[in-house]
Structures are given as C-alpha cells and as structure tokens.
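What follows is one structure encoded as structure tokens, with my remarks underneath.
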Amino acid sequence: MDEPDPKPYWNTNVARHPGILRAVPEGCGDALDVGCGDGLLARKLTGRAQRVTGIDRSPEMIARAREHAADRPQLDFVEGDFLAAELPVTGYDFICSVTTVHHMEFDEALLRMRELLRPGGVLVVVGLARETSPGEWAALIAAAPVVRITKVLRRAGGPEGMPVADPEMGYGQVRAAARRLLPGVRYRRHVLRRYSLTWRKPGP
C-alpha cells in the first residue's frame, strides 16, 4: 500500500482507518470517501481501490486534499454537498464516511450512500452520537481516562479548519435508523466516542 504521508497525524478519527481499510472488498474498482476533509483516508484508499473519489463541502479542505494528492492520478476530489452533488450513477464498490453524517440529515445521507453503492459493494460509516441513557453516560465517564491518556501518548492532532458540529441523534436512534435503512447492517460502539456501521449491499 502507498504511504499517504511521510508523517501522518493521529486522532480519534484516524484510529478507525485500519478497520475501514480492512472492509474494502477485494478487486475494488471505485471507492468514495464522503466528508473526506484533507484527504488522508482517501490517499490511504488508493492502496486498496483502482480509483478513489473524495467529496467535501469545505473549499479549504478540498484545496488541501488536492495539494496533497497532486501526484496521484487515480485520486479525485469533488467540492460540494454530498446530498446534492452530481456523482456517477454507475456508483461505487466501496463507500466510507468518517464523522460526517451528523453534519447532514441522517436518513437522507444513508439513503444516498445506499443508492450509490453497487450490488455487492460495502459501506462503512463511522459517526458521532450523543449519550441519552444512564448506561451510555456511565460508559463515557469510564472511558474518559483511557481516551485522555491515548490522545496524549499518540500526540493527537489533525488539520486546522475542519468543520465541527455536535451530534443531535442518540446512539439508540442511530442504531434503529440504520437497521431500518440498511437491513442486516452491523452496528458497533467504540471506546473513543464513535460508532460504526458496516453493510454489504445485496447482490453478486
């Protein structure tokens, strides 16, 4: 696999990259990274897919992503709103999104990803949600020391200017909506305040 950067940064989003890359199907032709930011994950995906597209609505992030990928002809970036942008109707073999769906209308975002995914393709969504139950708050408090120590040890950082937003949906709401929209989806909670959805579209 190509190295994306000489010294790539680490943070709680980047921590999920290895799992995302493992989910890329064999022989992947086209991959899409929704909310690609500065393109770090998209650059990693070029080692697993023949062609990779990253989309983000932040002009600053897209400009940075294009600069970092100037020597990668198989990598393309689109500036625009994922829910409205014109993307190939032929679709993608792999679609991923990291901490982006809470910036959009959740159902609409998942439906568009489902629509753009080719039969047999794989979708991986890593997202943020809010704690809404005593059990979830207890888990957050218990994990807080681990999260702080991990960030210090790994010298957590990232690109400046990344858009941020607080999630409106709770974990239970996310799980229920994902199971309704993506039958058979695998839902997981992660220690570093993340959940993940993994789904293979029925087909060959």
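The values are calculated or read from the model by the stated rules, or taken from the named source; none is laboratory data. The structure displayed is predicted, hence computed values, not measured ones. Neighbour counts are summed over all protein chains in view; Cβ atoms, including those assigned to glycine, are modelled from backbone coordinates with ideal geometry. All accessible areas refer to the heavy atoms of the entire protein, side chains included, with ligands and DNA or RNA removed. Shrake-Rupley method; radii C 1.70, N 1.55, O 1.52, S 1.80 Å.
Within the assembled protein chains, the solvent-accessible surface assigned to Met169 is about 50 Å², based on a 1.4 Å probe. Within the accessible area of segment 1-110, the carbon and sulfur atoms contribute 46%, probe 1.4 Å, all protein chains present.
Available extension along the chain between Gln74 and Arg179 is 34.4 nm, counting 0.36 nm per residue and deducting the alpha carbon span.
The figure for Thr90 is an accessible area of roughly 100 square angstrom, using a 1.4 Å probe on the protein chains alone. Each residue of segment 28-40 was assigned a 3J(HN,Hα) from its phi angle through the Karplus expression (A = 6.51, B = -1.76, C = 1.60, θ = phi - 60°), giving 4, x, 10, 10, 10, 10, 8, x, 6, x, 7, x, 4 Hz with x at Gly and Pro.
Does segment 1-106 come out rounded, prolate or oblate by the C-alpha gyration tensor, with a ≥ b ≥ c the root eigenvalues, rounded set by a/c under 1.5 and, if not, prolate when a/b is larger than b/c and oblate if not? Since a/c stays below 1.5, the shape of segment 1-106 is classed as rounded.
Each residue of segment 105-115 was assigned a 3J(HN,Hα) from its phi angle through the Karplus expression (A = 6.51, B = -1.76, C = 1.60, θ = phi - 60°), giving 6, 4, 4, 5, 5, 5, 5, 5, 4, 4, 5 Hz with x at Gly and Pro. Computed from phi, the 3J(HN,Hα) profile of segment 46-51 under the Karplus parametrisation 6.51, -1.76, 1.60 (θ = phi - 60°) reads 5, x, 10, 10, 5, 9 Hz, with x in place of Gly and Pro.
Leaving out ligands and nucleic acids, note down the accessible area per residue over segment 1-124 with a 1.4 angstrom probe, in whole Å². Don't jump to the answer; show the numbers that get you there.
On the way: 5390 Å² over 124 residues.
Spelled out: the 1.4 Å probe surface of segment 1-124, per residue, equals 43 Å².
With an a/c value of 1.5 or above and a/b larger than b/c for the gyration tensor axes a ≥ b ≥ c computed over the alpha-carbon atoms, segment 159-204 is described as prolate. Of the GluC sites (Glu not before Pro) found in segment 52-97, those that fall in a DSSP loop while having at most 15 other beta-carbon atoms within 10 Å are Glu86.
For a label point 7 Å from the Cα of Leu192 along Cα→C-beta, name the residues of segment 67-108 whose backbone N is under 19 Å from it. Counting only backbone N, you get 96-102.
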